[in-house]
Structure formats: structure tokens, C-alpha cells
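Bear in mind that the values in this text are calculations on the coordinates, not laboratory data. Note that the coordinates shown come from a computational prediction; the quantities given were computed from them, not determined experimentally. Note that we place each Cβ from the backbone using ideal geometry, even for glycine, and neighbour counts take in every protein chain shown.
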Amino acid sequence: MSESVILPTRRDEAWRYSDTDAVAGMDLGRFDHWDDVDVPAGETVRRCVVIADAGEPSDTTELRRLRVRVADGGRCELFVVVSSGRLGRVEVVAMLGDGAHLELGGVTIGGRDTTREIVSRVAHEKPNGTSNQVVRAVHWGRGTGNFLGRIDVASGAQKTDAAQSFRGLILERGASVNAVPQLEIFADDVKCAHGATVGQLDEQARFYMAARGLPPEVARRLLVQAFVADAFVALDDADDRERLMRVVLGKLDRHL
Amino acid sequence: MLTIDNLHAEIDGKPILNGLSLTVQAGEVHAIMGPNGAGKSTLAYVLGGRPGYEVTQGSVTFAGQDLLALEPHERAAAGLFLGFQYPVEIPGVSNVQFLREALNAQRRSRGEEPLSGGEFLRLAREKAALLNLDMEMLKRHVNVGFSGGEKKRAEMVQMGILDPRFAILDETDSGLDIDALRVVGEGINAIMRAPAKGVLLITHYQRLLDYVRPDYVHILSGGRIVRSGGADLARRLEAEGYDAVMEQAA
């Protein structure tokens, strides 16, 4: 049963910008449920994790937690879209072996009073591991998008190469986007790159597109598509890529 | 086909256009020349409907419609093309996707059938060849990584594909070398020299006018047209300078 569940508060670092009130309303029996993704040595595993509306926009809380272990020389590819729920949240905790790789591409998108977030913690525990995270957030109304990305490099994990890129796009006044990159590095021969920006649609591009005859909603759709596409660049399967893009653009089309 | 009457416009409360009047008939090419700060680009942006450019007085009629009442994309669909002095880069959006969406949006708003992918590519290939632009460049993102001259030729390829009734070309000649200038000039003639079309060429220099011969030349200064004449006026400007020619006007 759920007697052992201790609900998070915003004092918890990993829930700092979250809608913790929404957590109380969820099925707490699933709060501590983790999906395990185990990648054997030298193999590749790909998962697409999509939190999307089944029909009408949902006001439930959707929490998906993934515990990823990538054995030596393995490769895990995760592609995430968080587009539903009053609170939609995907957590990824990954532990990488020697020469292992983690690829994480994620998009949060939403308006109204929703909070959509991706929280990752990538642990480079052995040498030669690589990781690449690309997360894009698109929000409007009074929507909030959060990315909390932590990278831990253990003292023995030399030659680690970890990269993290986050960009937020705010379509309307009132929406907000929070980025918390966190790097804890205890090895001295490593590469860790991270970047985080938040901005609006480029007004010059919008006028340029209008001057060629594109109505504002079509121009906005093209610009948002270009903006989020970075998150799916590493997704090798065109069908999957299109499916994820359809979820994202479908959300944009219905709720702008 | 374009009638501008007593146009006043301002940016951030600062008046830039101060009673500009101009009429372009179908089949005509008009050149607008003038010193820096005269209001040339402002005129182009006001006609295109750029946000932040506020018309405080006057009217603009285009093909019988009140142009200023239309949104920027509606002006394009009505047949107006604005060639940018500084074409905008749009990372992540390919030229082909952008132009096909733009053309089909215009066609739909006119009640015409959208072009298929194959039909569009044929059209794009034909216009790229006209402007001597490698078709591969149209598969790249809009203007991203293009040199100044490539951006200007790409603008003219866009014009060829969209096939407007009226083009306002804002310093399309800047950034072009001699060979590119000739290609662009011939492209403008091929696309826009027609009895039912009109062109407003905004330029600093006379050299583009060697290729695209204007029917009228106007000198813009202080937000108004201070002098109008034929093609020879541009040559006199080039030889004598704005100050000398405008003094004679005063």
C-alpha cells in the first residue's frame, strides 16, 4: 500500500518548480513506481515515452519514472514528450557503465494552468561514458515548463563526455519556463557542456513569413516545429519522429 | 494599381513619412532614390504592414483595395511582394517547405488549388535556374549560411515562385557583385516586366537601373517625394549627388 509515500514539497530540489498540489490528487499507489530500462553490454535500447491526451485535455497528474542502467558499451536512447495532465512529469535516472551512452531528447508543451516537466539525473560512474540531452519547452497561457537536469561524474569516470542543451519558448505573456542545469564533477579529465536559454518567437521571422503570405498560425506552427525538431534529431526512426512531432503539433493546434 | 496619398507614418512616435504621394500604374517600374534616413525602408515596411510602423494619416489603395486595412499576410495574398533589404534567417525551416506553404496559403486564400510537391519542385527549379541559384540551396534552411548576394538572389527566386502582381524591392542591389547584379536585374525583368504588373524599386545607386530601366524616378527626402523625373534623373543624381540635384529642385 502507499503508507510509505512521502509527498514531495517545493523545498525538494527536484520538485522546486513543480505543481506539488497536483501530486496529492494522483493515484499514490503509483507514486513510487519506477520503470526499469536495463541495457545489456554492447546493446542498444530505444524507448519513446509520451504523455499525451487520449481525447479531451486531461487534468489528471501523469508521472512516469524511468530507472536506466546502461552496461559497458551499451546505448540507451530515450525520446520524451510531455503534453498532458495538470502536472505531467517524466523523471529519468540513468547510470552509465564504461563507454556507455545515453541519448535523451525531450519536449514539454502546454498552456492553461498546466505544469509539464522533465527531470533527469545522469550518473557517469565509469570512464569513457557519453551522454547527450536535448530538451525543448513550448508554453503559453499560464502554462509552466521545467527542465531540471543533473549530471554527476564520479571521480573515476575519466574521459566522460556529457552534453546538455535546453531551450524554452514562451508563446504568450503569463507562461513561464524554468531551467536548472546542475553539474557535479569529481573527475578532472572530462568534457561537460551545457546551455540554457529562454525566449520568444522571433518577431522578424514572423513578419518575414507573413510578408510571403503565411497566416500567423501557420508561421507559428512552422517556427515551433523547427524549434522542437532539435530534440528528435537523434531519433533514427522516421515513423517515430513523425509520431512524436504529431503529438507536439497537435497540442499546439488545439490549444493556441 | 498602387496609389499612395498623403501618407504619414511614424515609429515610436517619431514621424518618418510626412505626406508622401505616389501613383504607380500597371506596367510601370518606379525607382525611389534618396539619401540615408529619407524614409525609403520605412515606406517599404509600411506598405508591407510591419508591426511598429504606424500610419497616422493618408491612404494606400492597391488594386482597388484599402491596403492598410489588410494584415501583412493578406497583402501578400492580394499580390504584393516585399523584397527585404536584409532577408531574415529562419533556422530549422527549409526554403522548399517555407515557400511551398507560403505559395499554397496564398493560392488557398484566392480560391485556387494548392500545388503538389512535384509541381512545386518543378516551379522552384525553373525559378532557381532563372536566378542562377543552385537548387541545393533551396533545400537548406531559409537564408541560413547564405552570403549577402545569395540572400538577395534567393529573394528573387521567392518572388519568381510567388509570382506577385506588384513588387516593392528594398535595396535588392546592395551586396551584389557586378555579375550577380546583372542576373538579378534580368530576373526582375523576366518576372515583373508585364502589362499587368508593377514595381517599386528602392535603391541608393543608379547601377541596378542600368538593367531594370525605370519609367519614373522619384527622390525621397524628409519623408516626402521632393522631385520626380524619368530615367535620366537617376543618372544626374549619380553624377552630381543628392544635394546638388535637390537644390535645383528647391
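Compute the helix-to-body angle for B:178-192: its Cα long axis versus the longest principal axis of chain B, expressed 0 to 90° and rounded to tens. Around 80 degrees separate the two axes.
Axis of helix B:95-109 versus longest Cα principal axis of chain B: the two differ by about 80°, to the nearest ten degrees. In a simple Cβ point-charge model (Lys, Arg +1; Asp, Glu -1; nothing else charged), chain A has a dipole of about 800 debye relative to its Cα centre. Projecting the Cα positions of A:Gln164, A:Leu104, A:Leu223 onto the charge dipole of chain A (unit charges on Cβ atoms of Lys, Arg, Asp and Glu, taken about the Cα centre) puts A:Leu223 furthest along the positive direction. Close amide H pairs (under 5 Å, H built 1.01 Å from N) link A:Leu183 with A:Ile151, residues at least 5 positions away or on another chain.
To the nearest ten degrees, helix B:117-130 and the longest principal axis of the Cα atoms of chain B are 50 degrees apart. Exposed loop positions in chain B were taken to be trypsin sites (Lys or Arg not before Pro) whose DSSP state is not H, G, I, E or B and which have at most 16 other beta-carbon atoms within 10 angstrom. Between these positions, the longest stretch is B:1-109.
How high is the relative contact order of region A:13-200, in percent, counting Cα pairs under 8 Å that sit 6 or more residues apart?
Result for region A:13-200 is 16 percent.
With θ taken as phi - 60° and the Karplus curve 6.51 cos²θ - 1.76 cosθ + 1.60 applied, the whole-hertz 3J(HN,Hα) list for region A:176-186 is 9, 9, 10, 10, 10, x, 9, 10, 10, 10, 10 Hz, x standing for glycine and proline. Residues whose amide H falls under 5 Å from that of B:Gln57, counting only those 5 or more places apart or on a different chain, are B:His8, with hydrogens built in the peptide plane.
Converting phi to 3J(HN,Hα) with the Karplus coefficients 6.51, -1.76 and 1.60 and the offset θ = phi - 60°, region B:41-46 yields 5, 4, 4, 4, 5, 5 Hz in sequence order, with x at every glycine or proline. The value given for region B:2-249 is a Kirkwood hydrodynamic radius of 18.5 Å, derived from the mean inverse Cα-Cα separation. Residue exposure proxy: A:His33, A:His124, ordered by other Cβ atoms within 10 angstrom of their Cβ from fewest to most, comes out as A:His33, A:His124.
Viscosity 1.002 mPa s, temperature 20 °C: what is the translational diffusion coefficient of the protein assembly as shown from Stokes-Einstein with a Kirkwood Rh over Cα pairs, rounded to a whole number of µm²/s? For the chosen part, D equals 83 µm²/s. Straight-line reach from A:Lys126: taking Cα to Cα under 13 Å and skipping same-chain neighbours fewer than 8 places apart, the aspartates and glutamates in range are A:Asp72, A:Asp98, A:Asp152, A:Asp161, A:Asp189.
For A:Gly111, the residues whose amide H sits under 5 Å from its own are A:Trp140, ignoring neighbours fewer than 5 places away on the same chain, with H placed 1.01 Å from N. Of the residues A:Leu28, A:Leu78, A:Leu169, the one that moves most in a GNM of chain A with alpha-carbon contacts below 10 Å is A:Leu28. Listed from fewest to most Cβ neighbours within 10 Å, the set A:Val70, A:Val153 follows the order A:Val153, A:Val70.
Our coupling estimate for region A:137-148, obtained by passing each phi through the Karplus curve with A = 6.51, B = -1.76, C = 1.60 and θ = phi - 60°, is 10, 10, 9, 8, x, 10, x, 10, x, 10, 10, 10 Hz, Gly and Pro reported as x. What whole-number distance in Å separates the alpha-carbon centres of region B:13-76 and region A:53-99? Computed from Cα coordinates, the inter-centre distance equals 52 Å.
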